[in-house]
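Just below is one structure, and these are the notes that go with it.
The values are calculated or read from the model by the stated rules, or taken from the named source; none is laboratory data. Bear in mind that the values here come from a model prediction, so they are computed numbers and not experimental data. Here the Cβ positions follow ideal geometry from the backbone for every residue, glycine too, while neighbour counts run over all protein chains shown.
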Amino acid sequence: MRGVRGKGRRRRGSTLILVMFMLPVFLIPMVGLAIDGTMLYIVQTKLQSACDGAALGAGRLIGTHADPAEIANEFLHVNFTSGFWGTQNLVPTITATNTLGVHTVTVDARVDVPLLFMRVLGMPKSTVSAMAQATRKDTRTVIVLDRSGSMNNVVNGVNVFTTMVNSAKLFAGMLTPGLDEVGLVVYSGSGIVAYPTTRPYNRDVNSGGGPNATFATTSTSGPIFDQLSLLTAGGGTGMTEGLSLAYIELQKAHYRDLAEKGVDNNLNSIVLFTDGVPNGLAVYPNDPLNNTLLGTSGCTYNPATTNTASQMKGYMVATGPPFSTSSNTAWGLFRLQAYDTSHTLTYWLQTPGSSPPQGDMIQPDPVTAVAGCVGFNRTGGTGTGGYNNLNAAQRTIPATDIYGNSTTNSFYNKAKFYNGTSYSNLQPDQAYHVMLAAWGATDNLGDTIRSQNSMLPITIYTIGFTGNGGTDAELLRRLANTRTATSYDPNQQTGMYIQVDDPSDLANAFSLVASQLLRLAK
């Protein structure tokens, strides 16, 4: 029995020796596989990073004179140097396509990696690959600039208006002629489309006009830069009309491109700059469907007829600081720049409005509509004349402006200048009510723009300059639908509100918006 047990012990000893002898046979290949695998991972990570950089780098140059495929190839070879970890035979496949306004740069690359340990098993090398893709849609944007009288100001030694104009030029220069579409709307008491320059203006969304890709020839010259250089400041703050015109222009471009290409993939945006709060409304007081004239007003056309010469279309405006309910004055009815046919576009860009009878603070056109109408008909002289007595003509502020924007909503109490007094289409006995009506119309319009579904969504970016003392940050947040806005709606486009306290920061604000518009989706 002892002998048998002894033999058993000898057999176990032999097995242990055999395992110890064979252990290197298994461990060495496993260690080699781990080392080669780590090397392949490092090379693949580096190659993927190089492909990512090549796609993004080339994508950012789409629309320039550079060849995207050539640029991507250069980026790839710079970021993945020849012989990295002994690699060989780097083979890139790069394509750049433009399909109906969607630009795509695809970088696909493979490279041979020599193996160290696995070659003993007949595997001298392995091939790793990586792929990256960057896409960029053409953008369509309308720049909307406040050129009210308060902009003609110097803050901290810097002219606010001049700086805004130069910053808008910088913004336009960051977009790409031939690909991106850009338009320009400016507003004082009333608004006007500064680019494109089609006149007379037609608000029909199926008519000519709308942002286009020929807005510039270089990053510093071209039609839109010429129009910006013509601008001067003066007058009120007809923000609602400025945004209304921008919305119309976006729709014009959409239907134009849809007709020409059969599809419209452009990203839509409005970039609004202001230093104040809306204090003007474009209205149609004697609209037969919504006649707001007093029966005792003495107006010849009360209400209007189908004859356009009888239709009172113009803007009313409130003067003075937006926080006052006693010292302000409500004026009207003044000429709308966009629809005037007696002056050129250049005239209006250079002559916005100031104290009557200058710029657009003159009788509405046609003049016959307000002839003999107390409160709307100018009585002569260089002062306010009959314009300062809207109560003599109107029983209420119109329920909508000429663009269909309601002048009331349940959120006017969010206005910075709301003092607890309610508003419900009251008679314009004080400018305070006109301002609340303008605020409500602007706020309602923002929701209309963001919730439309006739084309790709529209994103609103707002820049508010506080240096002139009148901007309303909450309204601008609501327009942009930021996450901190009291009306934030996650189902609508989320834009951006940028507050600027010093005019020297305006350029950075416009550049930040441009970078948001041009960001690439990888």
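Values computed for the structure shown
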read-out	value
Any hit, region 112-121, residues being under 35 Å from the mean Cα position of the chain (by Cα) and surrounded by 17 or more Cβ atoms within 10 Å (Cβ to Cβ)	no
Answer from Thr471, Thr482 - the residue that is under 17 Å from the mean Cα position of the chain (by Cα), part of a loop (DSSP other than H, G, I, E, B) and either within 25 Å of Thr237 (Cβ to Cβ) or not assigned by TED's automatic domain parsing to the domain that holds Ala55 (or both)	Thr482
Test: residue in region 494-510 that is among the polar types (S, T, N, Q), loosely packed, with under 13 Cβ neighbours inside 10 Å and either under 11 Å from the mean Cα position of the chain (by Cα) or within 21 Å of Met455 (Cα to Cα) (or both)	no
Qualifying residue in region 128-148 (condition: more than 24 Å from the chain's Cα centre (by Cα), without any contact (Cβ under 8 Å) to a residue 60 or more places away in the chain and either in the same structural domain as Ser504 (by TED's automatic domain parsing) or surrounded by fewer than 17 Cβ atoms within 10 Å (Cβ to Cβ) (or both))	no
Options Val185, Val193; residue that is touching a helix residue (DSSP H, G or I) at 6+ places or on another chain (Cβ under 6 Å) and either under 24 Å from Ser515 (Cβ atoms) or in a loop (DSSP other than H, G, I, E, B) (or both)	Val185
Qualifying residue in region 339-357 (condition: among the small types (Gly, Ala, Ser) and at pLDDT 75 or above)	yes
Of the criteria (1) in a loop (DSSP other than H, G, I, E, B); (2) touching a Phe, Trp or Tyr at 6+ places or on another chain (Cβ under 9 Å); (3) among the hydroxyl-bearing types (Ser, Thr, Tyr); (4) more than 30 Å from Gln394 (Cα to Cα), which one Tyr488 fails	(2)
Test set (1) outside the structural domain of Pro196 (by TED's automatic domain parsing); (2) within 17 Å of the chain's Cα centre (by Cα) - Leu175 fails condition number	(1)
Residue list for region 82-108, filter: in a strand (DSSP E or B), on the phi < 0 side of the Ramachandran plot and not β-branched (Val, Ile, Thr)	Gln88, Leu90, Pro92, Ala96, Asn98, His103, Asp108
Residue among Phe117, Phe80, Phe75 that is under 15 Å from Ile42 (Cβ atoms) and touching a residue at least 12 places away in the same chain (Cβ under 8 Å)	Phe80
Any chance Ala514 is of a type in the set (Gly, Ala, Ser) and either within 18 Å of the chain's Cα centre (by Cα) or part of a strand (DSSP E or B) (or both)	yes
Any hit, region 457-466, residues being in a loop (DSSP other than H, G, I, E, B), farther than 30 Å from Asp108 by Cα and within 17 Å of the chain's Cα centre (by Cα)	yes
Of the criteria (1) in a loop (DSSP other than H, G, I, E, B); (2) free of Cβ contacts under 8 Å to residues at least 12 places away in the same chain, which one Glu260 fails	(1)
Residues located in region 457-489, provided they are touching a strand residue (DSSP E or B) at 6+ places or on another chain (Cβ under 9 Å) and either surrounded by fewer than 17 Cβ atoms within 10 Å (Cβ to Cβ) or without any contact (Cβ under 8 Å) to a residue 40 or more places away in the chain (or both)	Pro457, Thr466, Ala473, Arg477, Ala480, Asn481, Thr482, Thr484, Ala485
Qualifying residue in region 263-277 (condition: among the hydrophobic types (A, V, I, L, M, F, W, C), assigned to a helix (DSSP H, G or I) and in the same structural domain as Ile498 (by TED's automatic domain parsing))	no
Which listed residue is buried (at least 18 other Cβ atoms within 10 Å of the Cβ) and at pLDDT 95 or above, from Leu228, Leu179, Leu170	Leu228
The lone exception for Met316 - which of (1) modelled with pLDDT under 85; (2) in a strand (DSSP E or B); (3) not aromatic (Phe, Trp, Tyr) it fails	(1)
Conditions (1) surrounded by fewer than 19 Cβ atoms within 10 Å (Cβ to Cβ); (2) within 30 Å of Arg119 (Cβ to Cβ); number of the one not met by Asn73	(2)
Qualifying residue in region 433-449 (condition: part of a loop (DSSP other than H, G, I, E, B), over 17 Å from the mean Cα position of the chain (by Cα) and surrounded by 15 or more Cβ atoms within 10 Å (Cβ to Cβ))	no
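For every residue, the table says whether it meets (1) part of a helix (DSSP H, G or I); (2) touching a Gly at 6+ places or on another chain (Cβ under 9 Å).
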{"site": "Met123", "(1), (2)": "no, no"}
{"site": "Thr127", "(1), (2)": "no, no"}
{"site": "Val144", "(1), (2)": "no, yes"}
{"site": "Phe161", "(1), (2)": "yes, no"}
{"site": "Met164", "(1), (2)": "yes, no"}
